[in-house]
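Rule-based calculations on the coordinates, nothing more; no lab input. All of these numbers come straight from a predicted model, not from anything done at the bench. No Cβ is skipped: glycine too gets one built from the backbone with ideal geometry, and neighbour counts run over all protein chains shown.
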Amino acid sequence: MEIPILKQGNVLIATLQAAVPDVDLLSLRTALVREVVRSRSRGVIVDVTAIDVMDSFASHILQDLAHMIRLRGAETVIVGIQPEVAFAMVQLGLRLENVATALDLEEGMSYLNRKFRTLA
Amino acid sequence: MESDIQILIHTDQDIVTARQKGRSLAASLNFSSGEATLIALAISELARNIVTYAKKGEIRLKALNGGTSRQGIRVVAHDDGPGIPDLEQALRDGFSTSGSLGLGLPGVRRLVDEFKIESERDHGTTVTVTKWKS
């Protein structure tokens, strides 16, 4: 099932559902990179609040996604990583390096707005 | 006694199914949400190894009732794939033959209480992990 992408101002928002198969993550990555270009967006928020397991594949895809979007000159924030999910990720040895994270959608938005101001 | 839950692993959707079944089994045994997440993540990584290295295999989940009210979950990940040529190397941190994907077995080992692996070249791999309820 395709993950919908919403646009709010110059920010794209994608909200992941609980059980995302790999193929959907891969197509989200492609779709977001394409959409950032098409809509000339400055920021991307990926909301993972509903995700109850973040495995090595998912975190690699999210990390790649953030790097690809940065190469397009936009910023990505991952929001809503649950405490148990964060704990399990670190135990496994996963890290989202050089990727911005925020508590929730609201914090993610204000992070991006601060970022836009300093760049302006 | 409860019977085993068996999940055939072939596609990425099977990985999702396996970890969801693991989580609901953990919930039904009253594991904490944090423990259930560790179990689900371990299952996800083991299932992914099957898809990546052996193409197909199976995951079996079993509820354990260890005499003195000790409860646990055993996960057996089995495939008839190519096997792991160098087990010692595969258990070393930071080693993965598939390149960027997977942190491999040392990571999974850190998520669980007991970890056992048997692998024979051309005869597949069986990883057995157990998580006890704290």
Cα-based shape type of the stretch A:61-116, given that a ≥ b ≥ c are square roots of the gyration tensor eigenvalues and the cut on a/c is 1.5: oblate
Whole-angstrom gap from the stretch A:7-49 to the stretch A:57-120, using each part's C-alpha centre: 12
Simple label model, 7 Å out from Cα along Cβ direction - residue B:8 to residue A:70, nm: 4.3
Highest-fluctuation residue, B:104, B:83, B:34 considered, GNM on chain B with Cα pairs under 10 Å: B:34
Approximate spin-label separation residue B:114-residue B:69, in nm, with each point projected 7 Å along Cα-to-Cβ: 2.1
Degrees between helix B:12-28 axis and first principal axis of chain B (Cα, 0 to 90, nearest 10): 30
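When a/c is below 1.5 the answer is rounded, else prolate if a/b is larger than b/c, else oblate, so apply that to the stretch A:1-42 with a ≥ b ≥ c taken from the square roots of the Cα gyration tensor eigenvalues.
oblate
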Whole-number Å³ per residue for the convex hull built on Cα positions in the protein assembly as shown: 126
Average partner coverage of B:43-56, which counts Cβ from other chains inside 10 Å: 2
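What is the Å³ per residue value for the convex hull set by the Cα atoms of the stretch A:5-119?
Numbers: hull volume 10.4 nm³, N = 115.
Value for the stretch A:5-119: 90 Å³ per residue.
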Set of lysines with alpha-carbon distance to residue A:7 below 22 Å, sequence-local pairs under 8 removed: A:115
Fraction of beta bridges assigned by DSSP in the protein assembly as shown that are antiparallel (%, nearest 5): 70
Selected from B:21, B:116, B:62 as most flexible by GNM, with chain B as the system and alpha-carbon contacts under 10 Å: B:116
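For A:90-100, what's the mean count of beta carbons from other chains sitting within 10 Å of each residue's beta carbon?
Working: counts 1, 9, 14, 9, 4, 0, 0, 0, 0, 0, 0.
For this peptide, the per-residue mean of nearby foreign Cβ atoms is 3.
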Residue B:93 versus residue A:39: modelled label distance in nm, points set 7 Å from Cα along the beta carbon direction: 4.1
Tilt relative to chain B, helix B:33-49 - C-alpha long axis, 0 to 90 degrees, to 10: 30
All lysines inside 28 Å of residue B:21 as judged from Cα atoms, apart from same-chain residues fewer than 8 positions distant: B:55, B:56, B:62, B:116, B:131, B:133
Gaussian network model of chain A, Cα within-10 Å springs - most flexible of A:38, A:29, A:95: A:38
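About its Cα centre, what dipole magnitude does the stretch B:5-132 give when the only charges are +1 on Lys and Arg Cβ and -1 on Asp and Glu Cβ, stated in debye to the nearest 20?
Around 460 debye, computed over the stretch B:5-132.
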Size of electric dipole in the stretch A:5-119: Cβ of Lys, Arg +1 and of Asp, Glu -1, about Cα centre, debye, nearest 20: 800
